[in-house]
Amino acid sequence: NKELLLQNDEKEKRTAELTIANKELVFQNNEKEKRAAELKLAEIERIKLVHELLQRNRELEQFAHIVSHNLRAPVANIIGASTALNEMGLTAAEKVTLRNGISASAIKVDDVIHDLNHILQVKSKINEAKEIVNFSELVDDIKASIAHLADKNDVEIKYDFPYINEYFTIRPYLYSIFLNL
């Protein structure tokens, strides 16, 4: 009987130790599951950040492309007209025409910079940046900004918008599209 009582005491101690070990394993398993969930959330956040960075990189590339294309024509006009102003034998009327061209191109550069500032704000204020854009007026602005190039290359720009001449959109983006066309 004494031997059985000793074995029974040992058995109860062992059961208590196993119960404590089991609780520790359950605790460790719960901690592992929490850590796995945290890692999964961290991975989701990392993927989200990578996606946002890629999107911002694409937007910066697009912005750089717009800047280079939209500023090229008016700057070329200013350079051409200012170079021509230095030529001898120009009449007063020709000088006035060249100065007016420089002024118009400088205003166009300012407009482009203003439009580019709008592009920078589009991300946060997409609906506020939209406006009614008149296609004919937009093309007239573009024709004025590239007049020097069109004259130099004997290009005639014709357009007709019989069905729709206005559109609610982001003006700088549409300007860039039309300019590139």
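The values are calculated or read from the model by the stated rules, or taken from the named source; none is laboratory data. Since we're looking at a predicted model, the values are computed, not measured. Quick reminder, even Gly has a Cβ in these numbers, built from the backbone with ideal geometry, and neighbours come from all protein chains shown. Heads up: the accessible areas ignore ligands, DNA and RNA and are worked out on the full protein's heavy atoms, side chains in. Shrake-Rupley method; radii C 1.70, N 1.55, O 1.52, S 1.80 Å.
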For this session: Go through region 92-121 and give me each residue that's within 15 Å of Y173 (Cβ to Cβ) and acidic (D, E).
Result: D111, D115
Exercise. Could you say whether any residue in region 144-157 is open to solvent by less than 80 Å² (accessible area, probe 1.4 Å) and farther than 17 Å from R72 by Cβ?
Worked result: no
Exercise. Within region 138-159, is there a residue that is over 28 Å from A84 (Cα atoms) and assigned to a loop (DSSP other than H, G, I, E, B)?
Worked result: yes
Exercise. Quick one: R58 ticks every box in (1) more than 30 Å from L181 (Cβ to Cβ); (2) open to solvent by 100 Å² or more (accessible area, probe 1.4 Å) bar one, so which box is it?
Worked result: (1)
For this session: State the number of residues belonging to region 70-91 that are open to solvent by 70 Å² or more (accessible area, probe 1.4 Å) and within 30 Å of R171 (Cβ to Cβ).
Result: 2
For this session: Please tell me if V67 is in a helix (DSSP H, G or I), open to solvent by 50 Å² or more (accessible area, probe 1.4 Å) and either farther than 24 Å from D140 by Cβ or not charged (D, E, K, R) (or both).
Result: no
Seminar exercise, completed: Taking region 70-90 and keeping residues assigned to a helix (DSSP H, G or I) and hydrophobic (A, V, I, L, M, F, W, C) leaves L71, A73, V75, A76, I78, I79, A81, A84, L85
Problem set entry | Residue match in region 92-105 (condition: open to solvent by 90 Å² or more (accessible area, probe 1.4 Å) and of a type in the set (D, E)) | no
